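Here's the structure, in structure tokens; my notes come after.
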Amino acid sequence: MTDRKDELAGNLAKVEQRIADACAAAGRARDEVTLIVVTKTYPASDVRTLSELGVRHVAENRDQDAAPKAAACADLPLAWHFVGQLQTNKVRSVVGYADVVQSVDRSRLVTALSKEAVKAGREIGCLIQVALDAGVSGRGERGGVAPGGIEELADLVAGSPGLRLDGLMTVAPLTGEYAGRQRAAFERLMDLSTDLRRAHPAANMVSAGMSADLEDAVAAGATHVRVGTAVLGVRPRLG
Ligand SMILES: *Cc1c(COP(=O)(O)O)cnc(C)c1O
């Protein structure tokens, strides 16, 4: 193995152990939680190596970086998740490679995703991104819709051709009542997921938890954790 492959294998093993331990502590089966490796800022060669090491889900947050990387890795058996704030003028590109868009947070974006998905003949999974720190604007600093806006967006996604409503996503807030309270934030997301599933039983994905707080997310009931730094290393500041 190359040094980098060794390094990634070692990091993956540590993250796998953390997820397994968190599942055991929560009385959950290991296969209830899917690891998504966030490869933003890292090269396509790392994505390829991760695929060789058995990773099946990767995530990116900027279309400019993700599009060429996904093209370079098109031969690999990977599901691509888009997790960044998404401008409508990037939707056509993102729909070309993303299997799931986790950052759906406004109706204009849903309309654009649906239109491009239909044109491309693709079905795109959608998670509503929930901002637990949303102010009076009803929107979060880093994207997301306030809890009160979930239902309307979810109904819109569910009724849009080319889109599939998969569930909810959040990023632990840095401000507001949940700042520094990841476990409480993720439990709130689970409650919102329970509400959502009354109307949309198949929308059972709950994406929460990153390198620093994946244990809290697994304890709360997350089905997907998004881990970057703990697998790939500390990123350069951008991204
Ligand atoms: C970068 C990023 C992650 C991964 O964060 P790490 O702390 O590097 O694990 C997860 N989710 C989103 C939305 C991100 O942008």
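Normalised by 2.2 N^0.38 Å, where N is the number of residues, the C-alpha radius of gyration of region 174-216 stands at 1.27.
Considering helices alone, the calculated mean residue ellipticity of the chain at 222 nm is -12500 deg cm²/dmol, with DSSP H runs of length four and up weighted by -39500 (n - 2.57) and normalised per residue. Most simply put, the chain has about 5% antiparallel DSSP beta bridges, counting only bridges with both residues inside it. Database remark: amide H of residue 124 closer than 5 angstrom to the amide H of 163, 164 (H placed geometrically; neighbours at sequence offset of 5 or more, or on other chains; Pro and chain starts carry no H). On the basis of the beta-carbon distance and an R0 of 22 Å, residue 79 and residue 45 show a calculated FRET efficiency of 0.70. The charge dipole of region 163-239, taken about its Cα centre with unit charges on the Cβ of Lys, Arg, Asp and Glu (plus for the first two, minus for the last two), comes to roughly 240 debye.
Judged by the mean number of other Cβ atoms found within 10 Å, the most tightly packed of the peptides 52-62, 14-24, 124-134 leads the ranking 124-134, 52-62, 14-24. Descending by average beta-carbon neighbour count within 10 Å, the peptides 203-209, 84-90 line up as 203-209, 84-90, the highest first. The P(r) of region 138-239 has a tail past 17 Å containing 56 percent of all C-alpha pairs. The amide H of residue 79, built 1.01 Å from its N in the peptide plane, has 57, 58 as neighbours under 5 Å, considering only residues 5 or more places off or on other chains.
Annotation: amide H of residue 38 within the under-5 Å range of 59, 227, 228, sequence separation 5 or more or interchain, hydrogens built in the peptide plane. 3J(HN,Hα) along region 60-74: 9, 10, 10, 4, 4, 7, 6, 4, x, 5, 5, 5, 5, 10, 5 Hz, from the Karplus curve 6.51 cos²θ - 1.76 cosθ + 1.60 with θ = phi - 60°, whole Hz, x for Gly and Pro.
Taken one residue at a time, the phi angles of region 201-216 give Karplus couplings (6.51, -1.76, 1.60, θ = phi - 60°) of x, 7, 7, 9, 7, 10, 9, 7, x, 10, 3, 7, 9, 5, 4, 4 Hz. Gly and Pro are set to x.
Taking only protein heavy atoms and a 1.4 Å probe, the accessible area of region 27-169 is 49% carbon and sulfur. Label sites at residue 99 and residue 25, each approximated as a point 7 angstrom past Cα along Cα to Cβ, lie 2.9 nm apart.
Accessible surface for the chain, divided over its residues, is 45 Å² per residue with a 1.4 Å probe. Which whole-number percent of Cα pairs in region 3-226 have a distance greater than 30 Å? The share of Cα pairs beyond 30 Å in region 3-226 comes to 21 percent.
Note on region 23-93: Cα convex hull, mean projected area over all directions, 5.9 nm². For residue 77, what is the net charge nearby, where nearby means another residue's Cβ is under 15 Å from its Cβ and Lys, Arg count +1, Asp, Glu -1? After counting each charged neighbour, the total is -1. Spacing of the modelled spin labels on residue 229 and residue 175, each 7 Å from Cα toward Cβ, amounts to 2.0 nm. Length gained on full extension, residue 137 to residue 1: 43.9 nm, using 0.36 nm per residue less the C-alpha separation. Rounded to the nearest Å, what's the spacing between the alpha carbon centres of region 178-239 and region 98-143? Just the number, please. Centre-to-centre distance over Cα atoms comes out at 17 Å.
The values are calculated or read from the model by the stated rules, or taken from the named source; none is laboratory data. Just so you know, these numbers come straight off a predicted model, no measurement behind them. Virtual Cβ from ideal backbone geometry, glycine too; neighbours counted across all protein chains shown. SASA here: full protein model, heavy atoms, side chains in, ligands and nucleic acids out. Shrake-Rupley method; radii C 1.70, N 1.55, O 1.52, S 1.80 Å.
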